[in-house]
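Here's the structure, in structure tokens; my notes come after.
The values are calculated or read from the model by the stated rules, or taken from the named source; none is laboratory data. All of these numbers come straight from a predicted model, not from anything done at the bench. Methodologically, a virtual Cβ is constructed for each residue, glycine included, from the backbone with ideal geometry; neighbour enumeration extends over all protein chains shown. Just so you know, the surface numbers come from the protein's heavy atoms only, side chains and all, with ligands and any DNA or RNA stripped out. Shrake-Rupley method; radii C 1.70, N 1.55, O 1.52, S 1.80 Å.
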Amino acid sequence: MSDLLASLTPIERIGEGAVLLRGFCANDGEALMRAVRAIEAEAPFRHMVTPGGRGMSVAMTNCGRTGWVTDLTGYRYEACDPTSAKPWPTMPDIFFDLARRAAAAGGYPNFEPDACLINRYEPGARMAPHQDKDERDFTAPIVSVSLGLPATFLWGGLARSDKTQRFTLHDCDVVVWGGPSRLVYHGVAPVKNGGRYNLTFRRAR
Ligand code: SIN
Ligand code: FE2
């Protein structure tokens, strides 16, 4: 996106330190999806298992210096893909640049993500409300990019029992949360149609 367009992106404040940037990566949508395809060729999407033994409905892969994984032994970051024992694919520049620009637009300059979790939602897939808390420190924000078909984003509070707001996230919408919102519970309602992808950028280490 040109700087002019970026400066025109409507910024919707959804919480303290949290913003929804509608259509923020609209100019890069196709290039971002091409990069997802290239990553998938090296590190295919897979359904991981939670420590409780449930298969996740969302299929996942990663790129970057480290990647988020779960299995029966717990949630954690790993430098290598457990399926291939090879390092996760390098984070493409187009990913890194987008995450940095979105973080800056949300009030977090100098974001340096080292991890990008890529989620693929097939029909019926959902993400139960959770906190992103496997990272080493919580000073860096989370940048979450939606690609493809829409989904309902669940945005709660710092306690699991807090009231939840719902936002429809469309292709190329970006949500950024950090600071007082860094540990807010969030999730995705079951999607009717497949073909939704999400890129979650984090500073994990
Ligand atoms: C996540 O919290 O890991 C996924 C959020 C999303 O898919 O929008
Ligand atoms: Fe999350």
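The table that follows gives values for the structure above.
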item: Under Karplus coefficients 6.51, -1.76 and 1.60, residue-wise ³J(HN,Hα) of segment 181-188 in Hz, glycine/proline x; result: 9, 4, 10, 5, 5, 8, x, 9
item: The chain - percent relative contact order, Cα under 8 Å, separation 6 or more; result: 25 percent
item: Accessible carbon and sulfur surface of segment 2-202 relative to its total accessible area, %, 1.4 Å; result: 54 percent
item: Per residue solvent-accessible surface (Å²) - the chain, probe of 1.4 Å; result: 47 Å²
item: Whole-number percent relative contact order across segment 46-95, with pairs defined as alpha carbons under 8 Å at least 6 apart; result: 31 percent
item: About the Cα centre, charge dipole magnitude for segment 48-205 (Lys/Arg +1, Asp/Glu -1 at Cβ), debye; result: 340 debye
item: Prolate/oblate/rounded call for the chain, Cα gyration tensor, a/c under 1.5 rounded; result: rounded
item: Local electrostatic count at Gly107 - Lys and Arg +1, Asp and Glu -1, tallied over other residues with Cβ under 14 Å; result: +2
